[in-house]
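Following: one structure in structure tokens, then a few remarks.
The values are calculated or read from the model by the stated rules, or taken from the named source; none is laboratory data. Just so it is clear, the structure is predicted and the values come from calculations on it, not from any experiment. Cβ coordinates were reconstructed from backbone atoms using ideal geometry, including for glycine residues, and neighbour counts include every protein chain displayed. Surface accessibility is based on the protein's heavy atoms, side chains included, excluding ligands, DNA and RNA. Shrake-Rupley method; radii C 1.70, N 1.55, O 1.52, S 1.80 Å.
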Amino acid sequence: MAEGRILIVEDEHIVAMGIKRMLKNLGYTVTGVASSGVDAISKAESTFPDLVLMDIMLKGELDGIEAAKEIKERFNLPVVYLTAYSDSNILERAKKTGPFGYIVKPFDEKDLHSNIEIALHRLRREKESFEGENKE
């Protein structure tokens, strides 16, 4: 069974609930659902997720890319972007934040699962590498 604590950031409630259901079916723990960039930062701080699934187009003053940048800087959490938009300007902005994945909507449970597993694997490897360097 899959392991991982995931924060969902999606401003469309129906989509967020669909993602939450998929994650639970896959065996992940959903630490919360945020609908804005500000809410995402607050929930990242209070729920200690392993990974953040971040919609790029969010309502409010922070879009998903700005929120992801803040979450990465403050909490060093990996982000996998979810987006219906795959134009090159958005992709370039997203790449600058060092995402662990980029999923284009619509996606299915298999897409979500493979992206999350790769992101969590990368996170574990980076932690092991970091801990190994600190032991020397």
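Net charge dipole, the range 6-84: roughly 340 debye, given to the nearest 20, about the Cα centre with Cβ charges of +1 for Lys and Arg and -1 for Asp and Glu. Placing dummy labels 7 Å off each Cα toward the beta-carbon, the span from Glu92 to Asn76 is 3.1 nm. About the centre of its Cα atoms, the range 1-45 shows a dipole size close to 240 debye [charges on the beta carbon of Lys, Arg (+1) and Asp, Glu (-1) only; nearest 20 debye].
Rolling a 1.4 Å probe over the heavy atoms of the protein chains gives the range 19-136 an accessible area of 57 Å² per residue. Straight-line reach only, C-alpha to C-alpha below 12 angstrom: list the aspartates and glutamates that Lys96 could link to, leaving out same-chain residues fewer than 8 apart. Within the straight-line cut-off, Lys96 pairs with Glu66.
A crude spin-label estimate for the pair Lys105 and Thr47, with each label 7 Å from Cα along the Cβ direction, gives 1.7 nm. For Cα extents along the principal axes in Å, the listed values are [x] 50, 44, 31; [y] 47, 34, 26; [z] 46, 31, 30; which was obtained by calculation from the structure presented? Recomputing Cα extents along the principal axes in Å here picks out [z]. Over the residues of the chain, the helix contribution to mean residue ellipticity at 222 nm works out to -17000 deg cm²/dmol, using -39500 (n - 2.57) for each DSSP H run of at least 4.
Considering only Gly101, Ile116, Val79, the residue lying farthest towards the positive end of the dipole of the chain is Ile116, judged by Cα position with unit charges set on Cβ. What you get for the chain, charging only the Cβ of Lys and Arg (+1) and of Asp and Glu (-1), is a dipole of about 200 debye around the Cα centre. Between Asn134 and Val15, the contour length at 0.36 nm per residue exceeds the Cα-Cα span by 38.7 nm.
Legend: distances between Cα atoms for Lys20/Lys59; Lys72/Lys105; Lys24/Lys72; Lys20/Lys43; Lys59/Lys110; pairs beyond 26 Å are Lys59/Lys110.
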